[in-house]
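Below you'll find the structure, written out as C-alpha cells, and then a few comments.
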Amino acid sequence: MPTPIGHALAGLAVAGASRKAGDRIPASHVAILMFCAVAPDLDLALRLLDGVNHHRGPSHSLGAAVLAGMAGLLVRRLGADLPSAWAISSAWASHVLLDYLGLDTSPPIGEMALWPVSGAFFASPVSVFYDIPRSFSGWAIRHNALAVAIELAVLAPLTLICWGRLRPRGAGGEQ
C-alpha cells in the first residue's frame, strides 16, 4: 500500500486535473484534495480506540468516495469555498485505486473497494507499489525509502502532466 506521500501526490494530480485550462486553483482547494486523497488511512486511528483492525475497510471504497463528494457538495451549498464534489470524490477514489495497485501482505488481503454494495476484499493481481511496514528497523526504513522512490517515479510524472507542466510525447500539436 502506498505511503502518505504517494497518496498526497495523487491528490495533487487530481487538483491539477480538476482546474479549467488556464485557471488558477486556490491553494486551499489543493490542500483539501491532497487531504481527501490521504484521508481513508485515518481508519488506522480507530485501532487505537478499540483495538480492532479497521484498515482497508469501508473508508477504502468507492462508496466512501461518493459519500465524501456528497458531503463536499452539501458544505459547498452552505457557502464554504471547497473544490467541486467531483474533485473531492476523485481525490478520495485515487486512494482506493493506489491501494488496489499496492502490495498487501497483511490479512485480510485487499480492500473493500465496492462497499456498500459488497463487503468483499479486492486486490490487484499486479502490484505497482510496495507494502509499507510500520516499523523503524533499518530494513523497514530502507524498504520504505524504496517504496517512496517508486511512488515518486510513477506519480510525479502523472502529477506534472495533470498540471500541464509535462506534455506526453506527441502532445501539444507536435508532429
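The values are calculated or read from the model by the stated rules, or taken from the named source; none is laboratory data. Bear in mind that the values here come from a model prediction, so they are computed numbers and not experimental data. In this analysis, Cβ positions are derived from the backbone assuming ideal geometry, glycine residues included, and neighbour counts consider all displayed protein chains. Protein only, heavy atoms only, side chains kept; ligands, DNA and RNA dropped before computing areas. Shrake-Rupley method; radii C 1.70, N 1.55, O 1.52, S 1.80 Å.
Would you be so kind as to identify which of Pro83, Trp139, Ser94 lies farthest towards the positive end of the dipole of the chain, taking Lys and Arg as +1 and Asp and Glu as -1 on Cβ and the Cα centre as origin?
Going by the charge dipole, the pick is Pro83.
Provide Rg and Dmax in Å for the chain, with only Cα atoms included in the calculation.
That works out to 17.0, 60 Å for Rg and Dmax.
Sorting check: for 34-42, 87-95, 13-21, which peptide has the highest mean count of neighbouring beta carbons within 10 Å, and how do the rest follow?
By packing density, highest mean first, the sequence is 87-95, 34-42, 13-21.
In terms of modelled amide H atoms, which long-range or inter-chain residues lie less than 5 Å from the amide H of Asp131?
Those lying under 5 Å, H to H, from Asp131 are Leu103.
Using θ = phi - 60° and the Karplus curve 6.51 cos²θ - 1.76 cosθ + 1.60, what whole-Hz ³J(HN,Hα) does each residue of region 67-72 get, with Gly and Pro shown as x?
4, 4, x, 5, 5, x
In terms of modelled amide H atoms, which long-range or inter-chain residues lie less than 5 Å from the amide H of Phe122?
Residues meeting the amide H criterion: Glu111, Met112, Ala113.
Counting Lys and Arg as +1 and Asp and Glu as -1, each charge on the Cβ, what is the dipole of region 35-132 about the Cα centre in debye, to the nearest 20?
300
Output ³J(HN,Hα) for region 90-98: one whole-Hz value per residue in order, computed from phi by the Karplus curve 6.51 cos²θ - 1.76 cosθ + 1.60 with θ = phi - 60°, and x for Gly and Pro.
In residue order, the calculated couplings are 5, 5, 4, 5, 4, 5, 4, 5, 5 Hz.
Leaving out ligands, DNA and RNA, what percent of the accessible area of region 16-64 is carbon and sulfur, probe 1.4 Å?
66
When 1/r is averaged over all different Cα pairs and the result inverted, which Kirkwood radius in Å belongs to region 87-175?
One decimal place: 15.4 Å for the Kirkwood radius.
Between region 48-66 and region 102-163, what is the separation of their alpha carbon centroids in Å?
16
Using the crude model of +1 on Lys and Arg Cβ and -1 on Asp and Glu Cβ, and no other charge, please compute the dipole size for the chain relative to its Cα centre, in debye to 20.
Using only the charged Cβ atoms, the result is roughly 500 debye.
Looking at the chain as a GNM with Cα springs under 10 Å, which of Pro83, Pro58, Pro133 has the largest mean-square fluctuation?
Pro133
Per DSSP H run of n ≥ 4, the term is -39500 (n - 2.57); total these for the chain, divide by its residue number, and report the mean residue ellipticity at 222 nm rounded to 500 deg cm²/dmol.
Calculated at 222 nm, the ellipticity per residue is -16500 deg cm²/dmol.
Could you go through region 144-157 in sequence order and give the Karplus-derived ³J(HN,Hα) for each residue, using 6.51 cos²θ - 1.76 cosθ + 1.60 with θ = phi - 60°, rounded to whole Hz, and x for Gly and Pro?
Per-residue couplings from phi come out as 5, 5, 5, 4, 5, 4, 5, 4, 5, 5, 7, 8, 4, x Hz.
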